[in-house]
1. Which ones in region 23-59 are open to solvent by 10 Å² or more (accessible area, probe 1.4 Å) and in contact with a helix residue (DSSP H, G or I) (Cβ under 7 Å, 6 or more places away or on another chain)?
2. Got at least one residue in region 137-156 being within 19 Å of ASN202 (Cα to Cα) and either part of a loop (DSSP other than H, G, I, E, B) or among the hydrophobic types (A, V, I, L, M, F, W, C) (or both)?
Amino acid sequence: MTIVSVPGDANDNDPIKKLLDWIVNVGINGFSVLPAAKKVAEDHLSACGYDKDKAINSIIAWRTAYAAGTGFVTGLGGLATLPITIPASLASSYALAANTAAAIASVRGYDIESDQVRTFVLLALLGDSTLEVMKTVGVNLGTKLTKSLISQIPGKVLIEINKKVGFRLITKAGEKGVVNLMKLVPIVGGVVGAGFDGTFVNKCGNAAKNLFN
């Protein structure tokens, strides 16, 4: 499996960046019981008569149901390699959501190997907050993301997006607003709950559906 890192700064030992790398690589390339995003896209396109809208809705429906399956977490594997200790259910939900987003991007014809699309796959994991995060880094997408627009987003902006996505993914389950990241990282396994399921993956899938037009 080819490992391609999420765009980052000089501090490649940053555990948050390593977590994002793991999520996006597993989401796109697949791992163990999770098939590669391109295969997911091809399978659903074929089953839906190559109707892209139907294929995307099918991907979201199947992945939502899959997230609720009891065997997915134990079958994923590779969780021991994570740089930050988070519950297996949470890590698996992130990987499955990224797989869903990447498959949707592939259906729409985006190059999921590009740095820009990888960043937007991660961005979809924030659900309804995707556009909000983009605005904080000075990018106003309006209501649609186009291939030409995404290809023009510079690396420095991608780095800022990744930082914001990483922070939000780590603190997402806290439900108490902003958490001091330096204090959170060493005890994140005890802070983040296991309440991520089909609802989370469904929201991420719909966010990707809106991002990748």
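1. PHE31, SER32, VAL33, ALA36, LYS38, HIS44, LEU45, ALA47, CYS48, LYS52, SER58, listed by residue number.
2. Step one: filter region 137-156 for residues within 19 Å of ASN202 (Cα to Cα), giving none.
So far as region 137-156 goes, no, none of its residues is within 19 Å of ASN202 (Cα to Cα) and either part of a loop (DSSP other than H, G, I, E, B) or among the hydrophobic types (A, V, I, L, M, F, W, C) (or both).
The values are calculated or read from the model by the stated rules, or taken from the named source; none is laboratory data. In this text the structure is predicted, and so the values were computed from the model without any measurement. No Cβ is skipped: glycine too gets one built from the backbone with ideal geometry, and neighbour counts run over all protein chains shown. Accessible surface is based on the protein model in full, side chains and every heavy atom, while ligands, DNA and RNA are left aside. Shrake-Rupley method; radii C 1.70, N 1.55, O 1.52, S 1.80 Å.
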